[in-house]
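Worksheet: the structure to be examined is printed underneath.
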Amino acid sequence: MLDQTRGFCVLASAEELIDSPTALAGYAASFQAADDATLLIYAPDRESQEIFPALERGLAAAGVAADATGPDMLLLATPRTPAMEAEIAQRASAVYAQQDVGGAFTALPRFAPADVARLRAAFDARHAPQPPQPPAPRRPMTERDHRQAVKDRSFAGQLDFVHTERCRMLPNRNELLHRIPHHGVAAEIGAASGDYTGEILRRNNPRELHLVDAWSTERYQSGLGQIEESFAADIASSRLRIHQGMSTDVLPTFEDAFFDWVYVDTDHSYDTTWAELRICDAKVKRDGRIAGHDFCTGNVVTPVPYGVVEAVTRFCVEYAWEFEYLTLDSDGHFSFCLKRL
Ligand SMILES: C[S@@+](CC[C@H](N)C(=O)[O-])C[C@H]1O[C@@H](n2cnc3c(N)ncnc32)[C@H](O)[C@@H]1O
């Protein structure tokens, strides 16, 4: 059934839409029949014969055509199972709902009915014309080809003035710690052996600092022990809290709107950074900040392409965040700090 949805699949609850014809009307005013988008109307544990008449009444009340002249819609009345919800979460591009839907859908960007214009903007950004892709290489991938392929499949859209015009430059990332809110609840995602952790504690004085890190690779695994030794007093007082695991597993376990700010500094790949930013969108307070390291194109010592610039650009465009600070560290490994538009 899910294979009948179009390229941009928007998940909504049947019950919420039935109760709120204005939400349906708002969606239908923003998405037309010709758009490559489907409103997936989810009715878990309900029978379609039972829910369909109520939905038809809701559509009529909202003045939405339930035929081919209206936006593409698909009713999914099905038993609620983890496997089904995982499949929906994989298929969906966004959630259209007043409240957080939780569960398998936590990592999806959510747009309340009042934000339907942002939902449309996210759709438009995804469907903006992309530059032509280079032909696939005909020979086995060399390391250079690999790096080129990584760059080619990153986001190619552009920021707008609205994302940058209020941004201020800072000389380095330590200065950033003086500027972002003090005494808050913060996270360093990717802490290694705690070099920046010490700066955060000294310069920003958060009341709680959560460190999220896998500490699983040969290069970094000794970092946890070093942190436990260097910051024993802060750990004992629970001011510093350790969470060992992959960022995309650990971050969803925090309550929504938990952090005043987060600083993302893990593997710098496009996919990881994009996933982390999307999760942080839910986990950071309404007036919170998402900051991070290595806002640059890669590491030139061992050539590794980073995807931070592309992921952050896409995030600002699709989730409506703007740059607040950009740091111009002399080693070329810049930091960014974003807040909501
Ligand atoms: C560049 S280091 C962090 C440096 C630290 N922020 C500093 O400035 O001192 C990257 C860290 O991220 C961790 N890491 C990499 N990928 C990760 C992931 N997907 N989830 C959690 N930790 C990750 C590594 O174990 C490593 O400790």
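Dipole of the chain (Lys/Arg Cβ +1, Asp/Glu Cβ -1, origin at the Cα centre): which of Ile88, Tyr263, Pro171 lies farthest to the positive side?
Farthest towards the positive pole: Pro171.
If you take the beta carbon distance between Ser222 and Ala125 as r and set R0 to 45 Å, what does 1/(1 + (r/R0)^6) give as a FRET efficiency, to the nearest 0.05?
With R0 = 45 Å, the Cβ-Cβ based efficiency is 0.60.
Would you mind pulling out the separation of the Cα centroids of the stretch 39-82 and the stretch 209-248, in Å?
47
Assigning unit charges at the beta carbon (Lys, Arg +1; Asp, Glu -1) and nothing else, what dipole magnitude in debye, to the nearest 20, does the stretch 147-340 show about its Cα centre?
With Lys and Arg at +1 and Asp and Glu at -1, about 400 debye.
Between Asp67 and Arg80, what length in nm is gained on full extension when 0.36 nm per residue of separation is reduced by their alpha carbon distance?
Working: separation 13, 0.36 × 13 = 4.68 nm, distance 2.72 nm.
Once the chain is fully extended between Asp67 and Arg80, it gains 2.0 nm.
Within 10 Å, count the other beta carbons around each residue, average over each peptide in 118-127, 11-20, 146-155, 186-195, and list them highest first. Don't jump to the answer; show the numbers that get you there.
On the way: 118-127: 18.4, 11-20: 20.4, 146-155: 15.7, 186-195: 23.1.
For the peptides 118-127, 11-20, 146-155, 186-195, the packing ranking is 186-195, 11-20, 118-127, 146-155.
With runs of 4+ DSSP H residues as the only contributors, calculate the mean residue ellipticity of the chain at 222 nm using -39,500 (n - 2.57) per run, divided by the residue total and rounded to the nearest 500.
One gets -10500 deg cm²/dmol as the mean residue ellipticity at 222 nm.
Whole number please: convex hull volume per residue of the Cα set in the stretch 147-340, in Å³?
Values: hull volume 22.3 nm³, N = 194.
So the per-residue hull volume is 115 Å³.
Amide H of Phe8 versus every other amide H placed in the peptide plane: which residues, excluding those fewer than 5 positions away on the same chain, fall under 5 Å?
It is Ala37, Thr38, by chain and number.
Around Ala311, what is the net charge, scoring Lys/Arg as +1 and Asp/Glu as -1 over all other residues with Cβ under 9 Å from its Cβ? Can you show the working numbers first?
Working: positive: Arg314; negative: Asp271, Glu276, Glu310.
Once positives and negatives cancel, what remains is -2.
If you place +1 on the Cβ of every Lys and Arg and -1 on the Cβ of every Asp and Glu, how big does the dipole about the Cα centre of the chain come out, in debye to the nearest 20? Working shown, then result.
On the way: 33 positive and 49 negative charges, 136 e Å.
Here the chain has a charge dipole of around 660 debye.
What is the local net charge at Thr266, summed over the other residues whose Cβ is closer than 9 Å to its Cβ (Lys, Arg +1; Asp, Glu -1)? Provide the component values of the computation, followed by the final result.
Numbers: positive: none; negative: Asp213, Asp265, Asp267, Glu276.
Residues close to Thr266 contribute a combined charge of -4.
Which value in nm describes the separation of the simple spin-label points at Glu255 and Thr302, placed 7 Å from the Cα toward the beta carbon?
4.1
Pulled fully out, how much extra length does the chain show between Asp160 and Met246, if you take 0.36 nm times their separation in residues and subtract their Cα-Cα distance?
That works out to 27.7 nm of additional length.
Can you give me the pair-distance distribution of the chain, C-alpha pairs, 10 Å bins, whole percents?
P(r) for the chain, in whole percents per bin: 5, 22, 29, 23, 15, 5, 0.
Since every read-out is calculated from the coordinates, none of them should be taken as a lab result. Here the structure is a predicted model, which means the values were calculated and not measured. Backbone-built Cβ (ideal geometry, glycine too); neighbour counts: all protein chains shown.
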